[in-house]
Every structure is written in structure tokens, then in C-alpha cells.
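> So that we are looking at the same thing, I have put the structure below in C-alpha cells.
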């Protein structure tokens, strides 16, 4: 494997982790809003998951951007010209969301407002982010040389955009419903488990529907990608198998009150998502932005590449222990998970 | 307006906004760490309450610090694609490690704040130490990139292509050590002075009880000691900075001082306005030989003047005023801190007089202004270059036509966040006055 491919693989790993963590984070925001009017624990649980974890998720976004610029400095130009609008809107929405996340923790009277802000931004931010994908497959860029711009009229009338957004949003809600059902189990709240399990059952087939239509709309839009996709059909087949196992796990017998093995469902769905997104990314190669920019054009200097690899190795060695502590305190500790109210956490 | 000027305005405003929260993030976490340590050593509950309340305030600021940091981080690539292209090839490593330092800070901040009731005393100190360490390392690493913009090393440009890349030479550039120390010391100093201001403001209230006064006085003293140490260090470091500028960026030094003619025994001009026609600083006070002494260590040393350089490479000459304000604020703050600490030591049993408390209230805002002037001086003083001697600001900027609308959107966002932060801080501390914490039964402080 050549160096640019190693680099793009690392970017894919970061993107994958952020996509999963972000989907769950933004999805939890949506669910907290969706259930805010009803008398249920579903809102409290979603918020308890969000409170300590959004900061960590947010850092992954910066990590992703820095990794792209570090490994592929040639891509900076396109980010700064073509992508400046979608990225800026995402930044503004994230800023509002994060600020309210903290403010409502300190001042309880903002909690209601926060529920709406994090719910609405929880849909808008992922929709904007996923919209960058169809922009990168080509056909929506006008102008020449230094003066390039996105053809918004063509983009907004293209079905590819909407199938991608539909896929992004349903995946987000499906994944977060699955994880929250697992989190509810871990907290010993079977009633809330049932609520999120039901949502996952409804959303599973819809997600699959959008995944397939997104692929179908690629055929006229990006035939160059579809060719590779056919070559690696087995990756997508495996992904379907993982999806089937994960979805069926929602009915597997369990020792608890209600049926279903939420943990198995989460793991296989994440695996499915990993296989499918790897297949998508692989078919995208060697282009970062079709047909303007390949990973080879944008790649950094080989010396720098090596130092960046050392840097990531060292940084991860430092962080993994920190994550383990974090996980044990917030995802495993029964005292935290089973606290009666939504504010069972110190000050 | 062209997209270069708009990009500068948008990025400059974003930095000016972010730097408030970033500086406090570095300075206040160190103060929380000291309060925790004192709590542990002295077994005095007041320090525990102090750490808790400072953390509360810091947590509110963090709600803006994290997104504003995300904004400037991503905005670098959006507004300065030409710059980031070179950064990615030459100085990407500190940016990348900075993310990990930021991670460390975020993870341990979540642990320290949200899991405080489940941590032992030692674990709490360890977590807050990691928060402070993460915050300071972030500042240090980002500043490496900033210092490299002033004194770029570790690459060469041949026919527009970047060659001979040496990431370590870029990191260990000549101004790295001296500016990093400067940035960290002034952040500690500002964090401490802001807490001095708050404590002094509370002590001005006549209605507070003896217990509250004792609490605020302890906070005031702790913050004053750290503020004085950090500001004394800043002064000696400022001297090394003058020497570094003399060696590496003589043009910036000449603009900062308004020195037109290259000369030995160069005078130090305090205030006044550099006049291009008269080739002199008009209306200031001159101390003969002082600039030569500061820059070279001897009053006979030769200091280069503006006239040695083509005029189209001069930075705007108002940087002289920014520089003077920064230095003036620094020295005034040392004076105030010495006076207040001296007073407290000599008249141990008496309260600080009202006029002195009023003066102390101004130190936090003054210190923050000093930081802002310093940053503007450093970045405007480098103009017209983004990477000194290698890349002009005009070739670093985006050519997107949308920067104007973005400027408007982001400014609205910053104003909203500033107002919200103020409201939340006020609301929280009005609802949770210090006497409640002080009188809470033992063990409920956390």
C-alpha cells in the first residue's frame, strides 16, 4: 500500500469514529427533544448520555479536519473555496449547540430551550455534513482554475443529494436509538429500553431503503464509483449480512424482561456501517474530489508523513488510558447510570 | 471590500474572541489546581469552596472556549487555504499533537466536573492537574505554529515548490522558546488578575459577613501572589523578546519603536505617533540609548531602522501604539501587585483600603486588554506577510465571494455568545452566593 493510501485509511478511521460518535451524539439530542413532551425516562436518559460525551465527540471533529490538512495539504484549497459555506454553517450550529449544552447544565432554566436547540441542530448538523459527500463525487462544480464554485441549483435539484441526506439522517437516528436502548439496559431501565427498541425496529428498514436508493442514484451521477463498487461486491454483501444479524438481534431471547440483545445489535450495526462506508470510500479512490483532486496530488511531504504517524502513535498511547477511565466513569458506573434524576452528577 | 481584507477581519475578530476564553482556560485551570493543592495541604475548607466556584465559572467559559476553538481551528483551513497548504507540509506536527492535548483536557474536564462526587481527593487533584497540563500544552503547541509564522524555518521555496522539509527545524524555530514562555506567562498572569478583580470587587461590598470577607481575602492573596510571579517573569521574558526581534525580525522591532534611522545608541520612544514625513515619533518621550540597550544589551549597539527596508514591506505604524499599551499595562500591573501585596504584609491586621480595592478591580480587564493588544501587535506587526518573508497574506487567503455574509453571521454569533456567557455567569453566582457554599454542611461542598 502506498503512503497516500495509508493516510487516507487513517482519515477513514477518524471519519468512521466521528460518524458513529456524532450520529449517536446528535441522535441523542433529537430523541431528547422527541420525548420531551411525554412522561418518560427517555429524555433524561438521552441527556445523561449527552452531558459528559459531547465534548469528546466534538474534539474528534477538529482531529478529523487537522488530519485532512496534515496528510493532504493540497485539499486545503478546496475546503477554503468550495466547501466554505457548508463548513461555516456547521461551525455556527455546533457553537450554539455546545454553548447551550454547558449553559443548561449550569442554569437549569435553560434546560427546556436546550432540548429544542440540541434536537434541531441534531438534525441540521448531520444533514449539512452528509451533504458534503455528494459534492465530492463531482458534477456540481462550475468555473475554472482559481475561481471555482458549487453549482447550487444543480446540487439542490439532484436526487443524489436527498438520498444521501435521507440515508445520513435515518442512520443517525437508527444508530442512536440502538445505542440508547443498550444504554437503557445498562441503566436497568427496561421501560426506556422498550421505547428505543421500538424506534430501532421502525428505523432499520427505512435506513436500508435509503442506503439502497443512495447507491442507485450514484449510477447516473458517479459511474466511475459504481464500477469499483461492483468489483468489491463482497464487501457490500458482508455488510448486508452484518445488518441482518444486527437487526435480528433485537428479537433474540434475553434473560431480561424484554426480548432482544441490544449490545449485539449495536456491535453488528456498527460493523455493517464500517464495511459499507469502507466500500464507499474505497470506490471513491483515488479521488478526494472528482475529477479535480486525487490523494496523490494532495498528499503531504513524505518526511512530514512519517512524523505525523509518530505523532498519532504517541498521542493515542496517551489517550487510550484516559478513555478507559472515562468509559468506566460514565458508561459503566452503576451509581452514575442509575441516578434518579437527570442531574445525578455532582455539581 | 476584497476577500483578503474580509478574511483578515473575520479571522482577526474570531481570534480576538477566542483568545479571551483560551487565555482564561489556561490561567484559571492553573489557579484551580493551586486552590485544590492548598485545600489538601492546609485542610482549609475555604480553598475547597474556592476550587469549586472557580471550576463552575471555568466550566461556563469552557462552553464557549471549546466551540470557539473549533471555529478558529477549522476556519484556518477555510479562510487561509494557501497558508494551510504550507502548514500541512512543514509544521503540521504541533497542530496534530495539540489536538491530543485538547483531548486530554476535555476528557479530564468531564471527569473533574461531572464525576467530582465519585472521585477521591487525590484523584480530583490528579484530574485537575491533567486539565491544567492539557490547557497549557495546547497553548504551547499552537504557539509553536504562531512563532514559526514569525521566524519560519525548516523548508525552502524553489520555483514556488516547497522543498528541503525539516519538521524539527520548523518546530525549534528561533522565536519558539521565547514567545511560548511569553504566551504562557501572560495567560497565567491574566487568569490570576481576573480572579484578583473578582475577589476585590466582592471585598468592596460592605454587607458581606466576616466569614465571606475571610474567604475572599484568601482568594485575593493566592491570586495576587501568582499574578505577581507571572508578571515579573513576563517582564524579564519581554526583554529576551526584544533581543529575539532584534536578531530575527528587525523590521517589526523598528515599527514597534517607531525607529526610522539605523543607529547606535538608539532611543526608546514611549507613546507618541510615528510620523512618516518627519521620520520621527511625534509627541512621545525618548529615553536615549535605552532601545539599543534593550535589544543588544549595550547602549552602543546598532539597531536597524525602518528606512533600511522597502516601504511596501512596512507593517502599519500604529503597531507602535499597540506595543506601548501592552508594555505599559504590563508594568502598571506589576506596580499594582507589589503595592497591594506590600500593603497586605505591612498592615496585616487591617483591611485593604477602598481605593486600593478599586484599583485591584481594574487589573483583570487591564490584563485582558494587554493580551489583546499583544496579539494584535504580533499579527499586524508581521504584515504584509503571513509567513514572514515567504508568503504574503494576499496569497494565503481564500478567494471565495461569500466571506462578507460569513463575517456578519459569525459576528452575530460572537455577540450572542458573549451576552449569554455574561447572563449565565451572573445568574449562576447570584443564585449560588458564596455564603451558601461556606455554610453547607461538611462534605457537601462537592
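> I'm trying to understand the selection: among the residues of region B:74-105, which are more than 19 Å from residue A:301 (Cα to Cα) and either more than 7 Å from every other protein chain (Cβ to nearest Cβ) or crowded, with 23+ Cβ neighbours inside 10 Å (or both)?
B:75, B:76, B:78, B:79, B:80, B:98, B:99, B:100, B:101, B:102, B:103, B:105
> Here's another thing I want to ask about it. Test residue B:150 against the stated conditions and say whether it is modelled with pLDDT of 90 or more and in contact with a helix residue (DSSP H, G or I) (Cβ under 8 Å, 6 or more places away or on another chain).
no
> Test of understanding: among B:70, B:13, B:29, which residue is in contact (Cβ under 8 Å) with a residue 40 or more places away in the chain, in a helix (DSSP H, G or I) and within 24 Å of residue A:54 (Cα to Cα)?
Every option except B:29 fails the conditions.
> Given (1) more than 7 Å from chain A (Cβ to nearest Cβ); (2) under 24 Å from residue B:13 (Cα atoms); (3) crowded, with 22+ Cβ neighbours inside 10 Å; (4) in contact (Cβ under 8 Å) with a residue 40 or more places away in the chain, identify the lone condition not met by residue B:58.
(4)
> I'd like to check something: does region A:58-68 contain any residue that is over 30 Å from residue A:313 (Cβ atoms) and at pLDDT below 80?
No, region A:58-68 contains no residue that is over 30 Å from residue A:313 (Cβ atoms) and at pLDDT below 80.
> Report those helices (runs of 4 or more DSSP H) wholly inside region B:365-446 carrying at least 2 residues which are facing chain A (nearest Cβ under 10 Å) and surrounded by fewer than 20 Cβ atoms within 10 Å (Cβ to Cβ).
In region B:365-446, B:403-431 are the helices (runs of 4 or more DSSP H) which contain 2 or more residues that are facing chain A (nearest Cβ under 10 Å) and surrounded by fewer than 20 Cβ atoms within 10 Å (Cβ to Cβ).
> Also: Check every one of the strands (runs of 3 or more DSSP E) wholly within region B:247-328 and list those with 3 or more residues that are surrounded by fewer than 19 Cβ atoms within 10 Å (Cβ to Cβ).
B:285-287
> Could you check residue B:162 against (1) surrounded by fewer than 22 Cβ atoms within 10 Å (Cβ to Cβ); (2) more than 8 Å from every other protein chain (Cβ to nearest Cβ) and say which number it fails?
It is condition (2) that residue B:162 fails.
> How many residues, within region B:165-187, are at pLDDT below 85 and crowded, with 22+ Cβ neighbours inside 10 Å?
Of the residues in that region, 1 qualify.
> Can I ask one more? Assess whether residue A:135 counts as being in a helix (DSSP H, G or I), more than 9 Å from every other protein chain (Cβ to nearest Cβ) and touching a strand residue (DSSP E or B) at 6+ places or on another chain (Cβ under 8 Å).
yes
> Okay, moving on. Got a number for residues in region A:102-118 being within 7 Å of another protein chain (Cβ to nearest Cβ) and buried (at least 22 other Cβ atoms within 10 Å of the Cβ)?
Adding up the residues that qualify gives 2.
> Could you list, in sequence order, the residues of region B:414-426 that are closer than 22 Å to residue B:48 by Cα and free of Cβ contacts under 8 Å to residues at least 24 places away in the same chain?
B:426
> Does region A:223-277 hold any residues that are within 23 Å of the chain's Cα centre (by Cα) and not in a helix (DSSP H, G or I), and which are they?
Of everything in region A:223-277, just one residue is within 23 Å of the chain's Cα centre (by Cα) and not in a helix (DSSP H, G or I), namely A:261.
> Given the conditions (1) more than 20 Å from residue B:109 (Cβ to Cβ); (2) modelled with pLDDT of 70 or more; (3) surrounded by 21 or more Cβ atoms within 10 Å (Cβ to Cβ), report the number of the one that residue A:42 does not fulfil.
Residue A:42 satisfies every listed condition except (2).
> Which of the residues spanning region A:148-200 are within 14 Å of another protein chain (Cβ to nearest Cβ), part of a helix (DSSP H, G or I) and in contact (Cβ under 8 Å) with a residue 40 or more places away in the chain?
Answer for region A:148-200, where residues must be within 14 Å of another protein chain (Cβ to nearest Cβ), part of a helix (DSSP H, G or I) and in contact (Cβ under 8 Å) with a residue 40 or more places away in the chain: there is none.
> Turning to a different aspect of this structure: For region A:91-114, name all the residues that are assigned to a helix (DSSP H, G or I), closer than 24 Å to residue B:430 by Cα and in contact with a helix residue (DSSP H, G or I) (Cβ under 6 Å, 6 or more places away or on another chain).
Answer for region A:91-114, where residues must be assigned to a helix (DSSP H, G or I), closer than 24 Å to residue B:430 by Cα and in contact with a helix residue (DSSP H, G or I) (Cβ under 6 Å, 6 or more places away or on another chain): A:98, A:99, A:100, A:101, A:102, A:103, A:104, A:106, A:110, A:111, A:114.
> If you check B:126, B:64, which single one turns out to be in a helix (DSSP H, G or I) and more than 7 Å from chain A (Cβ to nearest Cβ)?
B:126
> Which of the residues belonging to region B:147-159 are outside any loop (DSSP other than H, G, I, E, B) and surrounded by 19 or more Cβ atoms within 10 Å (Cβ to Cβ)?
Within region B:147-159, B:147, B:148, B:149, B:150 meet the criteria.
> Within region A:53-76, is there a residue that is surrounded by fewer than 22 Cβ atoms within 10 Å (Cβ to Cβ), in contact with a strand residue (DSSP E or B) (Cβ under 7 Å, 6 or more places away or on another chain) and assigned to a helix (DSSP H, G or I)?
Yes, some residue in region A:53-76 is surrounded by fewer than 22 Cβ atoms within 10 Å (Cβ to Cβ), in contact with a strand residue (DSSP E or B) (Cβ under 7 Å, 6 or more places away or on another chain) and assigned to a helix (DSSP H, G or I).
> If you check residue A:298 against the conditions, is it modelled with pLDDT under 85 and at the interface with chain B (Cβ under 10 Å from one of its Cβ atoms)?
Yes: the conditions hold for residue A:298.
The values are calculated or read from the model by the stated rules, or taken from the named source; none is laboratory data. Because the structure is predicted, anything quoted here is derived from the model rather than measured. Counting neighbours? That spans all protein chains shown, and the Cβs are built from the backbone with ideal geometry, glycine included.
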